[in-house]
Amino acid sequence: MNPIALLVWSPRKKIAMPDIESLLSDLQLKVYNIIRTAGWEGATTDEIEAQLERSHQSISARVNELANWKPKPLIEARAARRKTRAGRPAAIYILEGLRHANPDRDLVDTGVP
């Protein structure tokens, strides 16, 4: 079984739920994998747009879907920001629940408040 599979425990038996990847659309999965492989450095929507050569509208919509996934978000924004290609501060997305070993470092990234 894939280690990313979700498990639901009941008093009588263990039921394996489908892998999260099987629940995502192709584009959602591409966005999720970019964020997942980026680790703590994360990725901005602008960086994902450039990597996938897709429009801002299509990528920001997929990021929003992953950030608002039910029953539990799959990604979240870090406190730090990074500049886009246009020089504007942008949220850096990481996997939900991922934490840096030094929490104070999250406030320092590329000098963008």
| query | ARG99 versus LYS72, label points 7 Å from Cα toward the beta carbon: distance in nm? | reply | 1.4 nm
| query | Among rounded, prolate and oblate, which fits segment 21-107 when a ≥ b ≥ c are the square roots of the eigenvalues of its C-alpha gyration tensor, a/c under 1.5 means rounded, and a/b larger than b/c means prolate? | reply | oblate
| request: For LYS83 and LEU23, compute 0.36 nm times the residue count separating them, minus their Cα-Cα distance, and round to one decimal in nm. | output: 18.5 nm
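How would TYR32, TYR93 line up from fewest to most surrounding beta-carbon atoms within 10 angstrom?
TYR32, TYR93
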| field | Proxy reagent accessibility, fewest Cβ within 10 Å first, across ARG88, ARG82, ARG62, ARG54 | value | ARG88, ARG54, ARG82, ARG62
| request: Convert each backbone phi in segment 23-39 into a coupling constant with the Karplus relation 6.51 cos²θ - 1.76 cosθ + 1.60 (shift: θ = phi - 60°), then list the ³J(HN,Hα) values in order as whole Hz, x for Gly and Pro. | output: 8, 9, 6, 4, 6, 4, 5, 4, 5, 4, 5, 4, 5, 4, 6, 6, x
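Each value in this text was obtained by applying a stated rule to the coordinates, not by laboratory testing. Only a predicted model underlies this, so the values are computations on that prediction, with no experimental measurement involved. Glycine gets a Cβ as well: all are built from the backbone with ideal geometry, and neighbour counts include every protein chain shown.
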